[in-house]
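Below you'll find the structure, written out as C-alpha cells, and then a few comments.
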Amino acid sequence: MAAEEPEATFKVTDRRRRGDDEPPRTASPRTEPAAPSRTPPPAPPSGDPARNLVGLFMMLGSSVLMALGETDPTTGQRGQRDLPMAAEVIDLLGLLREKTEGRRSAEETQVLDELLYDLQLRYVSVTKRPG
C-alpha cells in the first residue's frame, strides 16, 4: 500500500425545513474513522438444532405436514389443510436444495433428500385422495 492518502471528505446538508426561518442543517464527517471491531460475533453453538440447516429443514417440513392436515405430535391438534401453502414450502425446500448444493454436509444432504421425498409423496397422496 502506498503512503496514506487523506480520505475524501464530504458534507451532508439536510434541506428539509422545520420552519421558514430555520436554516438548513449541515453535518460534517468524523475526523477519526471508526475502528473496526476486533471481536468477531459469537458463533452459534454447533449442537443447537435450531441453529443449523437440519433444524431449518425440519421446521419447514413440520409446516408442510401441518398444511397437509397431519396431526402435530407436540400438541396433538390436527392442522388446517392448506394445499397451496404446502406446495410452496415443498418448492422452497427444493430451492434450498438447489442453492446449497455442494455446501451441505453429508448428514444435511441426506436429511433434506429424504424429507423432500417423503413430503412430495405425502402431498401427492393427499391431493389424489377424494374429499
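The values are calculated or read from the model by the stated rules, or taken from the named source; none is laboratory data. Just so it is clear, the model here is predicted, and its values are computed rather than measured. Cβ: placed from backbone, ideal geometry, glycine included. Neighbour counts: every protein chain shown. Calculation scope for accessible area: heavy atoms of the full protein, side chains included, ligands and nucleic acids excluded. Shrake-Rupley method; radii C 1.70, N 1.55, O 1.52, S 1.80 Å.
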Mind checking which residues of region 74-105 are among the charged types (D, E, K, R) and either open to solvent by 40 Å² or more (accessible area, probe 1.4 Å) or over 23 Å from the mean Cα position of the chain (by Cα) (or both)?
-> Arg78, Arg81, Asp82, Glu88, Asp91, Arg97, Glu98, Lys99, Glu101, Arg103
Return only the number of the condition from (1) at pLDDT 95 or above; (2) farther than 28 Å from Pro130 by Cα; (3) loosely packed, with under 10 Cβ neighbours inside 10 Å that Thr39 does not satisfy.
-> (1)
Do we find a residue being open to solvent by less than 40 Å² (accessible area, probe 1.4 Å) and closer than 17 Å to Tyr117 by Cα anywhere in region 65-72?
-> yes
Any idea how many residues of region 106-131 are touching a residue at least 12 places away in the same chain (Cβ under 8 Å) and either open to solvent by 90 Å² or more (accessible area, probe 1.4 Å) or polar (S, T, N, Q) (or both)?
-> 3
